[in-house]
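Single-structure report; data block below.
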Amino acid sequence: MTTNPTSTSTHSSSTGSLVQPILQARNLVKRYGHVTALAGADLTLYPGEVLAVIGDNGAGKSSLIKALSGALIPDEGEIRVDGDLQRFRSPLDARSAGIETVYQHLALAPARDIAANLFLGREIRKPGPLGWGLRMLDHKTMRKETARIMGDLGLLTIQNIGQAVETLSGGQRQGVAVARAAAFGSRVIIMDEPTAALGVKESGKVLDLIAGIRDRGIPVILISHDMPHVFEVADRIHVQRLGRRIACVQKTDITMNDAVSLMTGAQAPPTDHDPEAAPARLVRR
C-alpha cells in the first residue's frame, strides 16, 4: 500500500489518545544503475513495539535499514522521526536523531575492554585541564556508567567490566553491542540478524534483551531470517519483497508458513489489512 508521503498515520490507543509513529519511511527509492534496490519502500514504527522486517535475499531489507540508519542516502522519498522530516547524510545524523543500529557483524573493538567499547566514539574525558587540555579519558566514570547500564539491562553476568571483549562469548558480545545501542539510542534501535551466529541458549538471552528494551519504551526494528525468533518477540511483521513493503501484519494474524509464502511470492499479500495499524496491544479493540 502506498500512502501520501506527506501524511502521518495515527491510531487510537487504549486511552483514547492518538498513537503517533516514532519513525516513518515513505516511498523510499534507491537505484544503482539499472538495479533498483528500493522501489517505493514504506515503513512505520510505533513507540514500544518490536517490528520484525523479513524478506528473501534481494528484497531490499539491507538497503531499507541502511537508509534508516544514515548509511545510505535514498534517491527519493522521506524519513520522519516523531513527525519531523529528517535528511540523514551519515550514520552520525541518524544517531543525533536517536537511532542506533546493531549490525550483524558487531562493530566492536575486540582487544579493548567492555567499557571502552560501550563508549567507543563517545569517550568521557576527565574534568578540567586534564580532559580538555591533555585529553585524558575518565576510565573510572566510564566503567561505573557501563556497570549501571549493563545492570539495567540485566547483563551483569559479565563479572569484570574491564575484561577484553575478545574474551567474551558470542552472546555476551551481542549484549555489549545492544547495551551500547540502548545507552545512546534514545528513540529507535535497529538490530540486524542479532541471533544469526548464536546458539540456542545465547539466542534466548538476546531475545529476552530485545523484549526488555521494548518494555523500557524503546521500539526495536528486528531484521531476521529466523521465523521462530520473529514470532516469539515481534509485535508486527513487515514483509519486504522486490524493494518494497508488500504487507505489515499483526503477529497474531499470520502463521509462519504464511510469512514464508509472502516472502517468496508463493502467496499474494492480503488486501483487507492496514499496514499502518499500530500494534494490537496499543490499540483499543
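Positive contributions from Lys and Arg (+1) and negative ones from Asp and Glu (-1), summed over other residues with Cβ under 13 Å from the Cβ of Arg173, come out at 0.
The listed peptides 207-214, 112-119, ordered by packing as a protection proxy, come out as 112-119, 207-214 (highest mean of other Cβ atoms within 10 Å first).
Remark: for residue pairs Lys66/Lys140; Lys205/Lys251; Lys66/Lys251; Lys61/Lys144; Lys61/Lys126, the C-alpha separation exceeds 32 Å in Lys66/Lys140; Lys61/Lys144; Lys61/Lys126. Among the trypsin sites (Lys or Arg not before Pro) in the stretch 228-273, none is located in a DSSP loop while being surrounded by at most 12 other Cβ atoms within 10 Å of its own Cβ. Once you order the gyration tensor axes a ≥ b ≥ c over the Cα atoms, which shape class does the stretch 186-285 get: rounded for a/c under 1.5, otherwise prolate or oblate by comparing a/b with b/c? It comes out oblate by the Cα gyration axes. Remark: the Cα gyration tensor places the stretch 108-231 in the prolate category, a/c being 1.5 or greater and a/b exceeding b/c.
Would you please classify the overall shape of the stretch 158-221 from the alpha carbon gyration tensor, given that a ≥ b ≥ c denote the square roots of the eigenvalues, rounded means a/c under 1.5, and beyond that prolate means a/b larger than b/c while oblate covers the rest? Judged from the Cα gyration tensor, the stretch 158-221 comes out oblate (a/c at least 1.5, b/c at or above a/b).
Using the alpha-carbon centroid of each, what span in Å lies between the stretch 160-210 and the stretch 36-105? The stretch 160-210 and the stretch 36-105 have Cα centres spaced 20 Å from each other. Between Arg89 and Arg148, the contour length at 0.36 nm per residue exceeds the alpha carbon distance by 18.0 nm. Over the chain, Cα pairs under 8 Å with separation of 6+ residues give a relative contact order of 26 percent. Each of Thr195, Gly98, Val230 was placed along the dipole of the chain (beta-carbon charges, centred on the mean Cα), and the one lying farthest toward the positive end is Gly98.
Counted over the chain, the DSSP beta bridges are approximately 65% antiparallel. Note on Ala268 and Val35: their simple-model spin labels are 3.1 nm apart, each label 7 Å out from Cα toward Cβ. Dipole magnitude for the chain: about 840 debye, using +1 per Lys or Arg Cβ and -1 per Asp or Glu Cβ, origin at the Cα centre.
Read-outs: derived from the displayed coordinates by stated rules, not from any lab. For clarity, every value in this text was computed on a predicted model and none was experimentally measured. Every residue, glycine as well, gets a Cβ built from its backbone with ideal geometry; the counts of neighbours run over all protein chains shown.
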